[in-house]
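K.L.:
Structure provided below as structure tokens; questions to follow.
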Amino acid sequence: MSLYASWIHGNAARPEWVGDKIHQVHGDRWDQTNGDIAWSDINGLPRGWGATYHCTDSRAMGFGWSQTTGPYHPETPFEYTLKGYWFHFPIPTPVLAEGRRASLQRVFVLWTHTGDLSLAAVHVWDGASRIATLPANSQASADQLIQGGTQFDLPAPAVIRFGVNISVGVSCTTDSDVTFYSAGADFEI
């Protein structure tokens, strides 16, 4: 058996919802002015080091600003008042090599944030099947592997049949930016 790692750049991050509460990123524009950057609410603000998205308060308040709370479940992290945003990373996947199927060992997402943004959950998919729901903490890093913050080990290796996608759920209660630098996976073949 040998280890195989596959990574993509943070510019590959795709938001699940657009035109909702993800707004344009505020920053330096191409013409040397500063302001909201067109289309960054849909595409993020891609730069050489990654893509930045501007998220607004992700709470869904009820009548009279009422809030609902309950036990946290990584499988359904946004079932109460605190909603969130999903971002997806398609990982180039070595499904079959030298006559053997690849087994996924762990996934990675390198990211940082501003404001009170927090990582709510990491879901790993093989094609249409969710193969792992991983608990997360909010320890972000652009260049360090932190268990539960940027590195997520699967409870057991998962034999891959189709292709891996990493889905990252984040939430916030104030305007916050999230920047994704890279995402990847370790496979055993």
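The values are calculated or read from the model by the stated rules, or taken from the named source; none is laboratory data. Here the structure is a predicted model, which is why all the values come from computation and not from measurement. Using ideal geometry, Cβ is built from the backbone for each residue, glycine included, and neighbour counts are taken over all protein chains shown.
K.L.:
Before we move on, is ASP116 charged (D, E, K, R) and either free of Cβ contacts under 8 Å to residues at least 40 places away in the same chain or in a strand (DSSP E or B) (or both)? Give the steps one after another, and end with the answer.
P.N.:
Values: charged (D, E, K, R): yes; either free of Cβ contacts under 8 Å to residues at least 40 places away in the same chain or in a strand (DSSP E or B) (or both): no.
Considered against the rule, which asks whether it is charged (D, E, K, R) and either free of Cβ contacts under 8 Å to residues at least 40 places away in the same chain or in a strand (DSSP E or B) (or both), ASP116 comes out as no.
K.L.:
Also, quick follow-up: Can you spot a residue in segment 143-154 that is among the hydrophobic types (A, V, I, L, M, F, W, C) and closer than 25 Å to GLY99 by Cβ? Give the derivation first.
P.N.:
Step one: of segment 143-154, the residues among the hydrophobic types (A, V, I, L, M, F, W, C) are 145-146, 152, 154.
After this cut, where a residue has to be closer than 25 Å to GLY99 by Cβ as well, the list is 154.
The answer is yes, given that some residue of segment 143-154 is among the hydrophobic types (A, V, I, L, M, F, W, C) and closer than 25 Å to GLY99 by Cβ.
K.L.:
Could I ask something else about it? Would you pick out the residues in segment 52-75 that are at pLDDT 75 or above, out of contact with any helix residue (DSSP H, G or I) (no Cβ under 8 Å at 6 or more places or on another chain) and under 30 Å from SER182 (Cβ atoms)?
P.N.:
CYS55, THR56, ASP57, SER58, ARG59, HIS73, PRO74, GLU75
K.L.:
I'd like to check something: does segment 27-42 contain any residue that is in a loop (DSSP other than H, G, I, E, B), among the polar types (S, T, N, Q) and either touching a Ser or Thr at 6+ places or on another chain (Cβ under 6 Å) or touching a residue at least 24 places away in the same chain (Cβ under 8 Å) (or both)? Explain how you work it out, then say what you get.
P.N.:
Of all residues in segment 27-42, those in a loop (DSSP other than H, G, I, E, B) come to 29-33, 37-39.
Narrowing the set further to residues that are among the polar types (S, T, N, Q) leaves 32-33.
Restricting the remaining residues to those that are either touching a Ser or Thr at 6+ places or on another chain (Cβ under 6 Å) or touching a residue at least 24 places away in the same chain (Cβ under 8 Å) (or both) gives none.
Within segment 27-42, none of the residues are in a loop (DSSP other than H, G, I, E, B), among the polar types (S, T, N, Q) and either touching a Ser or Thr at 6+ places or on another chain (Cβ under 6 Å) or touching a residue at least 24 places away in the same chain (Cβ under 8 Å) (or both).
K.L.:
With the requirement that a residue be in contact with a strand residue (DSSP E or B) (Cβ under 6 Å, 6 or more places away or on another chain), within 12 Å of TYR85 (Cβ to Cβ) and at pLDDT below 90, what does segment 9-40 give you?
P.N.:
Residues satisfying the conditions are ILE22, HIS23.
K.L.:
Could you tell me which numbered condition ARG101 fails, if it satisfies all but one of (1) among the basic types (Lys, Arg); (2) touching an Asp or Glu at 6+ places or on another chain (Cβ under 7 Å); (3) over 23 Å from ALA12 (Cβ atoms)?
P.N.:
(2)
K.L.:
Then there is this: Here are THR52, THR93: which of them is surrounded by 17 or more Cβ atoms within 10 Å (Cβ to Cβ), touching a residue at least 40 places away in the same chain (Cβ under 8 Å) and not in a strand (DSSP E or B)? Steps first, answer last, please.
P.N.:
On the way: THR52 fails: not in a strand (DSSP E or B).
Within the list THR52, THR93, the selection yields THR93.
K.L.:
Continuing with the same structure: Pick out the one residue from THR150, THR76 that is surrounded by fewer than 17 Cβ atoms within 10 Å (Cβ to Cβ) and of a type in the set (Ser, Thr, Tyr). I'd like the intermediate steps shown before the answer.
P.N.:
Details: THR150 fails: surrounded by fewer than 17 Cβ atoms within 10 Å (Cβ to Cβ).
Just a single option satisfies the conditions, and that option is THR76.
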